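These notes concern the structure reproduced below.
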Amino acid sequence: MKKLLIIGYNWPEPATTAAGVRMMQLLRCFREAGYQQTFASTAAASSYTADLEAEGIQTRTIRINDSSFDAFVKELQPDVVLFDRFHTEEQFGWRVEANAPDALRVLDTEDLHSLRNARKEALMKDRDFSLDSWLQQELTYMELASIWRSDLSLVISSYEYALLKDQVKIDPSLLVLVPFMTGVGNTISTDFNKRKDFICIGNGKHHPNTDSVQYLYKHIWPGLKKLIPDACIRVYGAYLPKAIQQLHQPAKGFLVEGWVEDAKTAMGNARVQLAPLQYGAGIKGKLLLSMQVGTPSVTTSIGAEGMHNGLPWNGFIADEPKDFIQSAADLYTDETLWKNSVEAGKTILGEKYNRDLWEPHLISTLSEIHRSLKAHRAKNLFGSILRHHSMAATKYMSKWIEAKNKNQAGKQE
């Protein structure tokens, strides 16, 4: 049985984050492919953390800048190591290479963090975003270097896949497009008259989500409430900061509900989802959930980016507040338009996110590279150079920190 080691940036929380849902999809994919899985992380677990042991997945808490990881991975000798975001590859990639050199090193990008950060910076400085400005950021260098150092990187968005391949000129053999892997639809009820109110959902630790709620409260909801006085909007999400909680205004129909245990049911009770995202990257799990439960959505170009590849959206894409408001009102009040949007969502799910297509594609890609790993790595000369130089610096800095920590611990004794 092949062994898979996942080094998690966080422990997966599928009930609170799209990243947690994504990780559980990958774990299911590897389990069904027959992998023995071990999930390790430096993070602390929370009350929302998934019970991985119940899924038959071994767990291990690891420490950064600590040689105990070396002994752990050397004993485990995994066939594949999956780094959850580029931060973990930076921290542990050189240790994996030194102690399990034959392991296939795979980076799950989740989304391009540097792209999201560059868009946020442009928004905060009130200037247009450009790819040139993204390519000049230090975070971009770090993220791209991690992609080049890895044997393969999983890219979740078709937009970001094209960006890396066509603009950055990363060899396609180092990339594989693997979006969310879902069923083709799990509609709760598509009875227009049984659905009511609007919904907005997102984890409060993710800044694009909190920014979106504030934008919704200030620029969208006042005008939409005037058009549909009887409707409310319910805002859900774990870890919502006080600034968002203080927007709770029942008299205005703006209800901040906080975390909901069953997001699927909450989404399935709403008639329309609103997601006026102003910046971000990757695939938006909330919008996929909308499609799965038959709830049309109104979002921005950023929200829908890389999600539908030209297929009709399950609702509307609107960037200007007045267009967003009118689109939401039309979708909420026009039953025929609403039902057509539900069907559009089903089509997107079936053509873009069907796990019966993507899971075999991922496993076969890994197997093919693993069979010719030496030749695959020989082609990636730039990655070899980066591993030699940048990872050497990381290695010796990590060893220095470890020695310093041991010295301080000795003094305390």
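Each reported figure results from applying straightforward, stated rules to the coordinates on display, with no laboratory input. The structure displayed is predicted, hence computed values, not measured ones. Heads up, the Cβs are rebuilt from the backbone with ideal geometry, glycines too, and the neighbour counts pull from every protein chain shown.
Of note:
- Charge tally for residue 359 (other residues, Cβ to Cβ under 11 Å; Lys, Arg +1; Asp, Glu -1): +1.
- In order along region 165-170, the Karplus-derived 3J(HN,Hα) couplings, from 6.51 cos²θ - 1.76 cosθ + 1.60 at θ = phi - 60°, round to 6, 8, 8, 7, 6, 6 Hz, and Gly and Pro are given as x.
- Between 0 and 90 degrees, the angle of helix 86-99 with respect to the longest Cα principal axis of the chain falls at about 30 degrees.
- Cut-off 16 Å (backbone N to label point 7 Å along Cα→Cβ of residue 334), residues of region 220-263: 228
- Restriction of the trypsin sites (Lys or Arg not before Pro) in region 1-93 to DSSP coil positions whose beta-carbon has at most 14 other beta-carbons within 10 angstrom yields 63.
- Computed extension gain for residue 372 through residue 173, at 0.36 nm per residue and net of the alpha carbon distance, reaches 70.4 nm.
- Rough spin-label spacing in nm, given labels placed 7 Å along Cα→Cβ, for residue 45 and residue 230: 4.8 nm
- Nonlocal amide H pairs with residue 153, under 5 Å, H built at 1.01 Å: 107, 175, 176
- When each of 284/379; 225/284; 264/352; 125/286 is checked by Cα-Cα distance, pairs over 31 Å: 284/379
- Gyration tensor (alpha-carbon) shape descriptor, region 192-352, a/c threshold 1.5: rounded
- Adding -39500 (n - 2.57) for every DSSP H run of four residues or longer, then dividing by how many residues the chain holds, sets the calculated 222 nm ellipticity at -14500 deg cm²/dmol.
- Degrees, to the nearest 10: 381-412 long Cα axis against longest axis of the chain: 80 degrees
- Contact order for the chain, expressed relative to its length and based on alpha carbon pairs under 8 Å spaced 6+ residues apart, stands at 16 percent.
- In summary, the chain shows an alpha-carbon radius of gyration equal to 1.03 times the 2.2 N^0.38 Å reference for compact globular proteins.
- Crossing angle, helix 321-333 versus the chain [Cα axis fit, 0-90 degrees, rounded to tens]: 70 degrees
- Per-residue Karplus couplings for region 21-28, computed as 6.51 cos²θ - 1.76 cosθ + 1.60 with θ equal to phi - 60°, are listed in order as 5, 4, 5, 5, 5, 5, 4, 5 Hz, Gly and Pro entered as x.
- Full extension of the chain between residue 364 and residue 252 yields a length gain of 35.0 nm, computed as 0.36 nm times the residue separation minus the alpha carbon distance.
- Karplus-based coupling profile of region 345-355, in residue order and whole Hz: x, 4, 5, 4, 4, x, 8, 10, 10, 5, 5, with θ = phi - 60° in 6.51 cos²θ - 1.76 cosθ + 1.60 and x standing for Gly or Pro.
- Each residue, residue 102 and residue 242, gets one label point 7 Å from its Cα in the Cβ direction; the gap between the two is 5.7 nm.
- Efficiency of FRET between residue 347 and residue 124 - r from beta-carbon atoms, R0 45 angstrom, step 0.05: 0.80
- Placing unit charges on the Cβ atoms of the charged side chains and taking the dipole of the chain about its Cα centre, the candidate lying farthest along the positive direction among 373, 65, 145 is 65.
- Interchain or long-range residues, amide H under 5 Å from residue 306's placed H: 159
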